[in-house]
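This report refers to the structure that appears directly beneath it.
The values are calculated or read from the model by the stated rules, or taken from the named source; none is laboratory data. Predicted model, so just to flag it, every value in this text is computed and none were measured. Neighbour counts run over all protein chains shown; Cβ positions are idealised from the backbone, glycine included.
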Amino acid sequence: MKDFRVRMARPDDVVAVVRIANQAFLETARLTGPIGRSFAQQLRDGGEWLFVVEDEDGRVVGFLLGRHSGDTAKIGWIAVHPNYWGMGIGGMLLRAIEEKARRMGLRAVETGTPFARSFYEKYGFKCIGVQRALILEIAGKSIEPPQEVRMRPLLLDDLSSLANIMGRDDYLSLLSSYFSTFQSDPEKALLSLDGENVVGVVIGRADSIYRDLVTLEYLYSVEPRYALSLLYGLVYLSSVEGLRWVGVRFPVPHIDEEELRKKGWKDGELPTFWTRYWMRKDLK
Ligand SMILES: CC(C)(COP(=O)(O)OP(=O)(O)OC[C@H]1O[C@@H](n2cnc3c(N)ncnc32)[C@H](O)[C@@H]1OP(=O)(O)O)[C@@H](O)C(=O)NCCC(=O)NCCS
């Protein structure tokens with residue numbers, strides 16, 4: 001059994017850390033570009049903590065990226081090279097951030113994790129919340145347009161008239177969502193009509209990394225009964241565009257998680273889109 005030790009990362013560790021992230025995460029989590037850039041920036045700008053574990057030959061076999069926010073330490077990323085799983089290296093990294101947090105007088109360590117809930121529980125973390133992200137695979141499936149409503153693109157000129165039928169906060173949220181996707185995904189904003197009456201608005205956004213994934217950015221339904229049709233309007237549009245997935249982060253007004261599961265939606269497991277378990281360990 002080799003000896004391992006934890007230390008703070010140096011700039012010459014960044015490539016090793018990126019390789020570990022490549023290999024440790026799921027196939028779809030191979031984000032060499034964004035990870036490498038973010039680690040280089042962290043080391044340059046400071047403010048974040050990047051711990052690494054090295055073996056007795058100085059080979060980096062795991063890392064943890066964390067930071068301090070208020071009275072809490074937060075873990076952003078943790079990964080161990082797959083050849084070294086189950087040897088306590090992840091635990092060493094957790095102890096390193098806990099010790100640093102204790103020295104700084106912080107009260108807890110927190111993280112959000114899609115895959116490693118049992119790992120954190122083994123080291124005394126408790127699950128304090130779940131943020132569901134459901135995803136529907138649409139490629140290769142028969143997807144029909146919703147029957148109940150008619151969808152058409154939501155144009156800039158439509159917006160002012162919506163102010164009259166929506167409450168102030170809903171309308172301001174709509175404007176914020178509309179303009180935040182206006183440049184990148186103008187075709188993913190849809191107005192929904194029943195006859196001549198507007199019954200809702202739905203806006204999607206292409207994921208910044210998985211361009212085949214559209215996530216629900218905004219949904220407004222005049223009556224609860226239209227909400228699912230509105231979502232399926234976005235599903236239909238995405239299918240017409242030849243995309244692969246549609247994702248929804250809960251809660252969404254008038255959309256029921258269990259109902260979507262019955263329709264084949266599953267927990268998201270893409271690195272930019274996943275059901276996240278919030279984990280916390282109080283430091284005594
Ligand atoms: C999660 C991870 C960091 C654990 O590192 P490790 O060095 O194997 O951890 P330890 O040896 O200290 O602890 C092992 C325990 O963690 C848990 N565990 C190990 N791999 C796990 C995985 N892929 N998913 C969930 N839990 C895992 C098990 O409970 C295991 O306990 P056991 O050995 O008694 O069965 C490592 O498996 C990894 O890099 N996984 C891929 C990346 C990842 O999922 N990161 C966290 C999400 S952001």
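Of all residues in the range 62-73, how many are crowded, with 21+ Cβ neighbours inside 10 Å and either within 13 Å of the ligand (Cβ to nearest atom) or hydroxyl-bearing (Ser, Thr, Tyr) (or both)?
Filtering the range 62-73 for residues crowded, with 21+ Cβ neighbours inside 10 Å gives 62-66, 73.
Within this subset, residues satisfying the condition of being either within 13 Å of the ligand (Cβ to nearest atom) or hydroxyl-bearing (Ser, Thr, Tyr) (or both) are 62-66.
Selection size over the range 62-73: 5.
Could you run through the range 4-22 and say how many residues are part of a loop (DSSP other than H, G, I, E, B) and more than 14 Å from LEU93 (Cα to Cα)?
Of all residues in the range 4-22, those part of a loop (DSSP other than H, G, I, E, B) come to 9-10.
Okay, now just the ones that are also more than 14 Å from LEU93 (Cα to Cα), so 10.
Summing the residues that are part of a loop (DSSP other than H, G, I, E, B) and more than 14 Å from LEU93 (Cα to Cα) in the range 4-22 gives 1.
What residue, of GLY88, GLY76, is under 16 Å from VAL17 (Cβ atoms), among the small types (Gly, Ala, Ser) and in the same structural domain as MET8 (by TED's automatic domain parsing)?
On the way: GLY88 fails: under 16 Å from VAL17 (Cβ atoms).
None of the others qualify; the one that does is GLY76.
Let's see how each residue does on (1) more than 26 Å from the chain's Cα centre (by Cα); (2) closer than 28 Å to ASP207 by Cβ; (3) within 12 Å of the ligand (Cβ to nearest atom):
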residue	(1), (2), (3)
ALA40	no, yes, no
GLY47	no, yes, no
ILE75	no, yes, yes
ILE78	no, yes, yes
ALA101	no, no, no
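Which residue is farthest from the ligand (Cβ to nearest atom), if the candidates are limited to the range 103-114 and must be of a type in the set (Val, Ile, Thr) and under 19 Å from the mean Cα position of the chain (by Cα)?
The initial filter retains those residues of the range 103-114 that are of a type in the set (Val, Ile, Thr), namely 109, 111, 113.
Remaining after also requiring under 19 Å from the mean Cα position of the chain (by Cα): 111, 113.
Values: THR111: 7, THR113: 5 Å.
Looking at the filtered set, the residue picked out is THR111.
Right, SER238: farther than 30 Å from LYS126 by Cβ, among the hydroxyl-bearing types (Ser, Thr, Tyr) and in contact with a His (Cβ under 7 Å, 6 or more places away or on another chain) or not?
It is false that SER238 is farther than 30 Å from LYS126 by Cβ, among the hydroxyl-bearing types (Ser, Thr, Tyr) and in contact with a His (Cβ under 7 Å, 6 or more places away or on another chain).
Are any residues in the range 138-164 loosely packed, with under 15 Cβ neighbours inside 10 Å and of a type in the set (A, V, I, L, M, F, W, C), and if so, which ones?
Once the filter is applied, which keeps residues that are loosely packed, with under 15 Cβ neighbours inside 10 Å and of a type in the set (A, V, I, L, M, F, W, C), the range 138-164 yields ALA139, LEU155, LEU156, ALA163.
ARG37 - would you say it is modelled with pLDDT of 95 or more and farther than 30 Å from TRP265 by Cβ? Before you say what the answer is, go through the steps one by one.
Working: modelled with pLDDT of 95 or more: no; farther than 30 Å from TRP265 by Cβ: yes.
Judged against the criteria, ARG37 is not a match.
Look at GLU187 and say whether it is surrounded by fewer than 17 Cβ atoms within 10 Å (Cβ to Cβ), among the charged types (D, E, K, R) and within 18 Å of the chain's Cα centre (by Cα). Don't jump to the end; show me each part of the working.
On the way: surrounded by fewer than 17 Cβ atoms within 10 Å (Cβ to Cβ): yes; among the charged types (D, E, K, R): yes; within 18 Å of the chain's Cα centre (by Cα): no.
Criteria not met by GLU187.
Would you be able to tell me the number of residues in the range 53-78 that are of a type in the set (Ser, Thr, Tyr) and either within 18 Å of ASP13 (Cα to Cα) or in contact (Cβ under 8 Å) with a residue 12 or more places away in the chain (or both)? Walk me through how you get there before you give the answer.
First, pick out the residues of the range 53-78 that are of a type in the set (Ser, Thr, Tyr): 69, 72.
This time we only want the ones that are either within 18 Å of ASP13 (Cα to Cα) or in contact (Cβ under 8 Å) with a residue 12 or more places away in the chain (or both), so: 72.
Total meeting the criteria: 1.
Could you tell me whether MET87 is within 8 Å of the ligand (Cβ to nearest atom) and not in a helix (DSSP H, G or I)?
Values: within 8 Å of the ligand (Cβ to nearest atom): yes; not in a helix (DSSP H, G or I): yes.
Yes.
Can you tell me which residue among ARG117, ARG132 is within 12 Å of the ligand (Cβ to nearest atom), touching a residue at least 40 places away in the same chain (Cβ under 8 Å) and basic (Lys, Arg)?
Numbers: ARG132 fails: within 12 Å of the ligand (Cβ to nearest atom).
Only one candidate passes the filter, namely ARG117.
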